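Chemist: Would you mind keeping the following structure in view while I ask a few things?
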Amino acid sequence: MMHTPDLPDTISVFPLPSALLLPRSRLPLHIFEPRYLQMFEDALKTSQRLIGMVQPDPMLGREDRLHSIGCAGRITQFSETEDGRYMITLCGISRFRILNESEGFQPYRRCDVSWDGFGRDLGRTETDPRFDRRAFMNLLDRYFSAQHLSTDWDSIKDAEDELLINSLSMLLDFGLEDKQALLEAPCLTTRRETLVTLIEYGLRGGKNEDTLQ
């Protein structure tokens with residue numbers, strides 16, 4: 001387990017819309033652009049092997065702007081294809097706040113970051129004491145049916161609170177700003193409440209009504 005003093009002040013960042021990484025969760029990525037191949041290879045040379053996943057922030061009117069909060073993942077697995085691409089897995093370590101973008105000669109982007117305020121990410125697996133799992137599963141069943149999605153319901157029913165809520169937050173097809181709201185939720189209960197709101201909103205076709213909490 002990493003501790004805050006072990007985390008670097010500057011990390012490479014991968015701006016990828018709607019690709020959400022959360023602490024203690026795993027994100028598979030397909031790396032093929034030359035600049036990100038270089039980023040991956042450079043990250044492997046460091047002791048932490050970290051890459052920061054961050055959402056672009058088009059609301060600010062510039063395509064190159066980034067949201068201020070992202071999540072760093074440690075490279076835990078990778079395989080190379082015959083044509084030089086990589087399939088990698090990041091394990092979420094901690095969220096970070098971008099302080100400023102670092103200048104350099106690398107083809108990819110690097111940012112000076114702060115890890116302050118995200119100590120919970122480096123701790124134990126979170127639980128959600130107010131989680132009504134039965135009501136949530138009923139809601140999820142309705143949503144999957146409406147979206148024509150299939151899943152392994154036995155695995156979902158047996159999953160721990162954090163694994164279930166974080167996996168759904170990462171996998172379900174929400175918009176960029178919705179994904180950012182899930183990322184920035186201060187605790188698992190808040191993330192679950194946000195997730196429920198987004199699912200209810202999707203079921204209503206965007207109409208505002210009372211939501212299940």
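Chemist: Only one residue in L50, L44, L37, L29 is closer than 21 Å to D9 by Cβ and out of contact with any helix residue (DSSP H, G or I) (no Cβ under 7 Å at 6 or more places or on another chain). Which one? So that I can check it myself, show each step before the final result.
Modeler: On the way: L50 fails: out of contact with any helix residue (DSSP H, G or I) (no Cβ under 7 Å at 6 or more places or on another chain); L37 fails: closer than 21 Å to D9 by Cβ; L29 fails: closer than 21 Å to D9 by Cβ.
After ruling out the rest, the residue left standing is L44.
Chemist: Same structure, new question: Considering only segment 139-150, how many residues are part of a loop (DSSP other than H, G, I, E, B), free of Cβ contacts under 8 Å to residues at least 40 places away in the same chain and not aliphatic (A, V, I, L, M)?
Modeler: 2
Chemist: Taking segment 166-179, which residues are buried (at least 21 other Cβ atoms within 10 Å of the Cβ) and part of a helix (DSSP H, G or I)? Before you say what the answer is, go through the steps one by one.
Modeler: Step one: filter segment 166-179 for residues buried (at least 21 other Cβ atoms within 10 Å of the Cβ), giving 166, 168-169, 174, 179.
Within segment 166-179, N166, L168, S169, K179 meet the criteria.
Residue-by-condition table, conditions (1) of a type outside the set (G, A, S); (2) over 17 Å from A19 (Cβ atoms); (3) modelled with pLDDT of 95 or more:
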{"position": "L60", "(1), (2), (3)": "yes, yes, no"}
{"position": "T81", "(1), (2), (3)": "yes, yes, no"}
{"position": "L90", "(1), (2), (3)": "yes, no, yes"}
{"position": "F105", "(1), (2), (3)": "yes, yes, no"}
{"position": "R110", "(1), (2), (3)": "yes, yes, yes"}
{"position": "V113", "(1), (2), (3)": "yes, yes, yes"}
{"position": "G117", "(1), (2), (3)": "no, yes, no"}
{"position": "T127", "(1), (2), (3)": "yes, yes, no"}
{"position": "R133", "(1), (2), (3)": "yes, yes, no"}
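Chemist: Still on this structure, please answer the following. Go through segment 139-197 and count every residue that is among the hydroxyl-bearing types (S, T, Y) and under 21 Å from A72 (Cα atoms).
Modeler: 3
Chemist: Can you give me the number of residues within segment 110-152 that are farther than 30 Å from D9 by Cβ and among the aromatic types (F, W, Y)? Before you say what the answer is, go through the steps one by one.
Modeler: Let us first name the residues in segment 110-152 that are farther than 30 Å from D9 by Cβ, namely 127-152.
Those left that are additionally among the aromatic types (F, W, Y): 131, 136, 143-144.
So the count comes out to 4.
The values are calculated or read from the model by the stated rules, or taken from the named source; none is laboratory data. From a predicted model like this one, the values you see are computed outputs, not experimental measurements. Because the Cβ atoms are built from the backbone with ideal geometry, glycine has one as well, and the counts that use them run over all protein chains shown.
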